[in-house]
Amino acid sequence: MIWTLFFTYLKIGLCSFGGGYAILPLINQYVVTDLQLLSHEEFIDIIALSQMTPGPLAINAATFTGIRAAGFWGGVVSTFGCILPTCIIVLVLAYLFYKYNEIIYIRFALRGIRPAVIGLIGYSALSIIYSIFINNQTSLHILKKFSFNVGGVNLNILSIIIFVCAFIGIRKYKLNSMIVLVICGSVTGISLFFIDKTILV
Amino acid sequence: MEKKFKLYFTLFYTTLILSAVTIGGGYVIVSMMKKQFVDKLRWIDETEIIDIISISQSAPGPLAVNASVLLGYRIGGVGGALVTVLGTVIPPFFIMSIVYLFYNFFITNIVVKTILYGIQIGVAVSICDAVLSMIRAIRKTDKSHFSIIVMIISFAISIIFNINAIFFILGGAILGILYSVFEKYYLKNKG
């Protein structure tokens, strides 16, 4: 079992170009359909849990299914198998990059790659902002209470206020971003108690 | 020897904390890395972080893991890479082990969900902050309009089409080479 887990995740790690959601179909095929270590519902739950907890989806899924299939060490070998191929490939690329980055054509290429990458990150920022400002999921009290329907979309006022305050804090007052994360989490947590005191019981 | 140990230790616990608190996709953790290693520790500069992202995108695997391997390698060689990858993987591993034990609690608990939602707002702020300062860094090294145009094109394409990041790297590389060669000969003929 341990070996099956290791090789399955080795394969997944090796094929997961693009990161993040690119890995979902691979896990679905190898872990859900072939090995049947997870049901389809559990697979969806893991995606949700993965978004709620830190860490890449691939590692979260590997840990979860590994522990379920073969205990603690199952989790360890799955996670290890998942990251081993990428670590080796990245180290080779890094070695080549730092050795040859003086070559003029590589510098030319980087001139285009750098702004292209920033465009990608900009898109990722935009989609995160979109998902917190506009919620159509109303499973959270806090979202129901503070959402207002503006032109057909549910605009969340509370998250916009927190966003603006935190943005000013980071940009203008140079607050440490970890502290900002903790403050943001506390603010929504505390406002939940004000909305619904029954949650304490 | 002691100095090297101290370097590895700082690398380890910085990536450990980053990985433990950062919820969201790969770019999020990279922007947090930028905050810690560029703005606070000043071990690398902003364009180097962008290079690290580009190389990470050219390999398979999660962006967060790849970027931490590269960051560790850049700062402390292969040993540094080993340390940072451990720092990045350990927190999600343990958190997921705990989640496994309290699976039903996590999937239904409203307080946990609400606090995590608040953290996501903070995450959105820090990724925006990172994008803004990266744009400024790029503008400093490349004064032509070329970089702004490529940024806008890349941003627009990623909104409209859902294509793999590796094509953005390839496209950027081709545009960069073409434009630089064009600029070199054009300016030479003109001057």
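The values are calculated or read from the model by the stated rules, or taken from the named source; none is laboratory data. Small disclaimer: the values here were computed from a predicted structure and weren't measured. Note: ideal-geometry Cβ built from the backbone for every residue, glycine included; neighbour counts use all protein chains shown. Areas reflect the complete protein model, heavy atoms only, side chains present, ligands, DNA and RNA absent. Shrake-Rupley method; radii C 1.70, N 1.55, O 1.52, S 1.80 Å.
Relative contact order of region A:1-108, please, whole-number percent, based on alpha carbon pairs below 8 angstrom and at least 6 residues apart. Please report the intermediate quantities before stating the final value.
Numbers: 105 pairs, mean separation 36.2, N = 108.
Rounded, it is 34 percent for region A:1-108.
First check a/c for region B:5-46, with a ≥ b ≥ c the square roots of the eigenvalues of its C-alpha gyration tensor; if it is under 1.5, answer rounded, and if not, answer prolate when a/b is larger than b/c or oblate otherwise. Intermediate results must be reported in sequence, preceding the final value.
Details: a/c = 2.85, a/b = 1.28, b/c = 2.23.
The shape class here is oblate.
Hey, what do the phi angles of region A:151-161 turn into as Karplus ³J(HN,Hα) couplings, whole Hz, using 6.51/-1.76/1.60 and θ = phi - 60°, x for Gly and Pro?
With the stated coefficients, region A:151-161 comes to x, x, 10, 7, 8, 8, 5, 4, 5, 5, 4 Hz.
Which of the trypsin sites (Lys or Arg not before Pro) across region B:115-182 are loop residues per DSSP, with 14 or fewer other Cβ within 10 Å? Intermediate results must be reported in sequence, preceding the final value.
Numbers: sites: B:R136, B:R139, B:K140, B:K143; in loops: B:K143.
Those that pass, being in a loop and sparsely packed, are B:K143.
Averaged across the residues of A:101-111, what count of C-beta atoms belonging to other chains lies within 10 Å of each residue's C-beta?
Details: counts 1, 0, 0, 4, 5, 3, 3, 11, 11, 11, 15.
So the per-residue partner count for this stretch is 6.
Can you compute the FRET efficiency between A:I179 and B:N189 using 1/(1 + (r/R0)^6), with r the Cβ-Cβ distance and R0 = 56 Å? Round to the nearest 0.05. Intermediate results must be reported in sequence, preceding the final value.
Working: r = 55 Å, r/R0 = 0.98.
FRET efficiency, A:I179 to B:N189: 0.55.
Using a Gaussian network for chain A with springs between C-alpha atoms less than 10 Å apart, which of these wobbles most: A:N154, A:N176, A:N28?
Maximum fluctuation in the GNM of chain A, among the listed residues, is at A:N176.
I need the shape label for region B:1-124. Rule: rounded when a/c is under 1.5, else prolate if a/b > b/c, else oblate, with a, b, c from the alpha carbon gyration tensor. Please list the in-between numbers first.
Working: a/c = 2.03, a/b = 1.68, b/c = 1.21.
Since a/c reaches 1.5 and a/b is larger than b/c, the shape of region B:1-124 is classed as prolate.
What chymotrypsin sites (Phe, Trp or Tyr not before Pro) in region B:31-139 are in a loop by DSSP, with at most 13 other Cβ atoms within 10 Å of the Cβ? Numbers along the way, then the final one.
Working: sites: B:F37, B:W43, B:Y73, B:F93, B:F94, B:Y100, B:F102, B:Y103, B:F105, B:F106, B:Y117; in loops: B:W43, B:F102.
When the chymotrypsin sites (Phe, Trp or Tyr not before Pro) of region B:31-139 are filtered for loop state and at most 13 Cβ neighbours within 10 Å, B:F102 remain.
Listed here are the pairs A:K172/B:K113; B:K143/B:K184; B:K34/B:K184; which of them are more than 26 Å apart at the Cα? Mind dumping the intermediate values first?
Numbers: A:K172/B:K113 29 Å; B:K143/B:K184 15 Å; B:K34/B:K184 32 Å.
Violating the 26 Å Cα-Cα cut-off are A:K172/B:K113; B:K34/B:K184.
Report B:I166's accessible area, 1.4 Å probe, all protein chains in place, as a number in Å² to the nearest 10.
The value for B:I166 is about 40 Å².
So what are the ³J(HN,Hα) numbers for region B:166-174, from phi and the Karplus equation (6.51, -1.76, 1.60; θ = phi - 60°), rounded to whole Hz, Gly and Pro as x?
Rounded to whole hertz, the list is 4, 6, 5, 5, 4, x, x, 4, 5.
Just read off the accessible area of A:E41 with the full protein assembly in place, 1.4 Å probe, to the nearest 10 Å².
Ignoring ligands and nucleic acids, A:E41 comes out at about 130 Å².
Among A:V164, A:V31, A:V77, whose mean-square fluctuation peaks in a Gaussian network model of chain A (Cα, cutoff 10 Å)?
The residue with the greatest mean-square fluctuation here is A:V164.
Please report the buried accessible area for the interface of B with A, total over both chains, probe 1.4 Å, in Å² to the nearest 100.
On the way: alone 13000 and 14040 Å², together 18530 Å².
That pair of chains buries around 8500 Å² in total.
Can you give me the three principal axis dimensions of the protein assembly as shown from its C-alpha atoms, in Å, biggest first?
Extents along the principal axes: 78, 54, 46 Å.
When the convex hull of the C-alpha atoms of chain A is computed, what volume per residue in Å³ does it have? Provide the component values of the computation, followed by the final result.
Values: hull volume 39.1 nm³, N = 201.
Given the Cα convex hull of chain A, per-residue volume reads 194 Å³.
Would you kindly state how much longer the chain becomes between A:I47 and A:N101 on full extension, computed as 0.36 nm times their sequence separation minus their alpha carbon distance, in nm to one decimal? Don't skip to the answer; put the middle values down first.
Numbers: separation 54, 0.36 × 54 = 19.44 nm, distance 3.81 nm.
Between A:I47 and A:N101, full extension yields an extra 15.6 nm.
If I take every Cα pair under 8 Å that is 6 or more residues apart in region B:18-102, average their sequence separation and divide by the length, what percent do I get for the relative contact order? Each step should come with its number before you reach the end.
On the way: 74 pairs, mean separation 22.2, N = 85.
Once normalised by length, the contact order is 26 percent.
If you take each beta carbon of peptide A:166-178 and count the beta carbons of other chains within 10 angstrom, what is the mean? Each step should come with its number before you reach the end.
Values: counts 9, 8, 1, 3, 8, 5, 0, 0, 2, 1, 4, 17, 10.
Neighbouring Cβ atoms belonging to other protein chains average 5 per residue here.
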